[in-house]
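These notes are about the structure you will find just below.
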């Protein structure tokens with residue numbers, strides 16, 4: 001199969017719970033042998049989507065295609081799609097070895113015992129758990145449980161593995177290590193990972209492609225760079241947590257906001273008029289400066305957060321809106337700021353992204 | 001920690017344990033030792049004295065009626081235990097696992113317990129108008145024309161004792177099993193489905209093993225109560241079925257303390273073996 005062949009396809013998939021529409025007519029095509037992050041805030045329907053693909057729930061309408069076959073009416077245990085649960089869901093009464101062997105022993109394929117032992121051993125080795133085969137799930141750590149859950153799915157050699165916030169239950173250190181490992185393991189195996197997460201950094205770091213889900217719809221699907229640099233609607237920009245977003249009005253190619261009126265060269269279709277500038281594109285100037293690169297936004301300095309490689313400065317505007325400025329330390333030492341004093345924030349207008357009802361050209 | 005510290009700690013735990021230990025010695029250990037002792041006393045028709053003898057024990061094992069009662073007890077216990085399991089497990093499966101709403105499953109469990117709001121004897125006696133020759137079941141079967149003459153074996157037989165005991169004790173099987181099933185993480189079952197296991201496989205490899213501690217606790221409850229039973233067999237068998245419990249009642253009634261003690265000791269040993277056997281199946285300490 002070529003990289004570009006679709007591994008699975010969703011065709012108008014809709015799922016409702018009573019009055020609530022969890023999935024709203026989703027069309028989606030995933031490439032084979034890729035790592036796809038599915039990013040969405042809680043309640044956006046991302047877990048529902050995974051459960052529908054896995055077959056734990058049936059869609060109210062729409063079809064699901066997997067490896068060129070319509071699997072909408074196929075029960076979960078006949079789909080051959082791996083699923084890694086957020087809480088790992090290991091079988092508590094079975095050893096690590098038997099947990100991993102479960103699918104081979106109890107599934108449809110039923111290979112001979114020698115093959116089971118060999119495949120289980122190889123998979124356990126691949127996820128780095130050799131030596132723990134005879135332990136019980138309550139005798140291993142969270143990160144190890146995560147690996148068992150992954151091995152349990154991978155031993156079945158699925159073409160698609162769904163991961164439901166797989167790193168959510170791990171601490172920060174472990175999360176970063178598992179991020180790299182998940183990617184390495186996937187690349188070795190010719191398998192597609194669909195990784196659901198609520199964390200924008202995780203989604204951007206891990207996915208070859210990122211799909212952003214909001215209120216039961218996939219609002220944007222693209223490479224992490226595309227999502228990061230060019231969010232398609234203001235909700236995506238908001239969710240990425242990298243943009244200062246200003247409400248205002250866009251009229252005749254001019255955006256009127258808290259920072260005055262700025263002519264804009266283009267705008268993306270959106271339900272409201274929003275002006276977005278990235279945290280790290282926003283610059284700090286003294287009140288009264290004349291060499292501003294663009295609009296002037298007066299703001300009071302509140303506090304800073306040291307993040308290691310950068311510092312985030314928090315400002316408050318006159319209408320009580322918090323504005324963040326991200327200063328990367330590789331660009332030099334940040335300037336000294338006095339808490340409570342007024343400064344002016346500015347940026348080059350061409351780096352702003354404008355969303356509007358009116359499509360200015 | 002110093003030796004003095006350890007000693008204080010020990011003294012404290014002894015003080016905390018003391019009331020319980022005293023209570024158990026006074027009302028459990030002492031009476032059991034007493035019964036064992038009395039079982040070796042010499043019994044004459046109208047009197048008993050503390051000269052030690054094996055006569056009562058010999059009489060028990062020489063009498064066909066007594067040994068027969070032992071076997072009847074064991075047989076009825078196994079039948080009732082099996083039936084409470086067969087009837088109780090599916091009910092527990094429904095209440096504990098298949099019902100999605102916690103409220104509904106609590107309501108269903110309470111419904112199971114409601115019969116216990118009436119007295120034990122009334123629950124047993126209520127089976128008489130159900131099972132009797134002119135009882136509800138026979139009347140209904142005759143009315144719809146399934147039978148011409150009433151089924152007499154329904155009441156005052158071993159069958160009626162089995163039916164009565166199963167009905168009374170099944171809830172003690174349902175409760176612990178439903179509790180264990182309710183604790184199973186639903187994701188585990190979905191994970192098994194995702195790995196390709198069908199319903200049968202999931203039940204035998206995941207659900208049943210995980211509910212086993214509940215089965216064992218339920219089986220211990222039912223066993224302890226059925227093995228010591230005398231009221232149900234007394235009320236529903238028409239004195240035809242004699243269990244060890246019935247023998248104790250009649251022996252005590254005729255002041256045959258030594259023989260009653262022998263039966264009591266045998267029953268206690270039997271219970272001990274049964275409970276110990278069940279506890280070997282699962283390690284209950286892991287579940288607490």
Seminar exercise, completed: The alpha-carbon center of the stretch B:26-58 and that of the stretch A:153-189 are separated, in whole Å, by 71
Seminar exercise, completed: Among A:69, A:15, A:51, the residue with the largest mean-square fluctuation in a Gaussian network model of chain A built from Cα contacts under 10 Å is A:69
Exercise. Among B:242, B:187, B:59, which one moves the most in a GNM of chain B with springs linking Cα atoms closer than 10 Å?
Worked result: B:187
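Quick one, can you get me the convex hull of the C-alpha atoms of the stretch A:106-246 expressed as volume per residue in Å³?
Output value, Cα hull per residue: 141 Å³.
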For this session: Can you put A:77, A:93, B:12, A:195 in order of Cβ neighbours within 10 angstrom, beginning with the fewest?
Result: B:12, A:93, A:77, A:195
Problem set entry | Pairwise centroid distance, computed over Cα atoms, of the stretch B:82-142 with the stretch A:1-61, Å | 45
Problem set entry | Along each principal axis, Cα extent of the protein assembly as shown, largest first, Å | 122, 79, 53
Exercise. Counting only other chains, what is the mean number of Cβ atoms within 10 angstrom of the Cβ of each residue in peptide A:88-100?
Worked result: 4
Exercise. Roughly speaking, what is the centre-to-centre gap between the stretch A:201-234 and the stretch B:149-215 when only Cα atoms are used, to the nearest Å?
Worked result: 49
Seminar exercise, completed: Taking the protein assembly as shown and counting helices only, DSSP H stretches of n ≥ 4 at -39,500 (n - 2.57) each over all residues, the nearest-500 ellipticity at 222 nm comes to -13500 deg cm²/dmol
For this session: Could you pull the Rg and Dmax for chain B, using just the Cα atoms, both in Å?
Result: 24.0, 85
Seminar exercise, completed: Ranked on Cβ counts within 10 Å of their own Cβ, fewest leading, A:84, B:124 go B:124, A:84
Exercise. Pick from A:42, A:289, A:346: which residue has the top mean-square fluctuation in a GNM of chain A where Cα pairs under 10 Å get a spring?
Worked result: A:289
For this session: Please give the average number of partner chain Cβ atoms lying within 10 Å of the Cβ of each residue in A:103-113, rounded to a whole number.
Result: 3
Seminar exercise, completed: Final fewest-first order of B:119, B:105 on the 10 Å Cβ neighbour count is B:119, B:105
Exercise. Binned at 10 Å from 0, what are the whole-percent values of the Cα-Cα distance distribution for chain A, short to long?
Worked result: 5, 21, 26, 21, 15, 9, 3, 0
Problem set entry | Shape category assigned to the stretch A:48-183 from the gyration tensor of Cα positions, a/c cut at 1.5 | oblate
Problem set entry | Fraction of antiparallel bridges per DSSP, the protein assembly as shown only, in percent to nearest 5 | 75
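Bear in mind that the values in this text are calculations on the coordinates, not laboratory data. Bear in mind that the values here come from a model prediction, so they are computed numbers and not experimental data. All Cβ positions, even for glycine, are placed from backbone atoms using ideal geometry, and neighbour counts span all protein chains on display.
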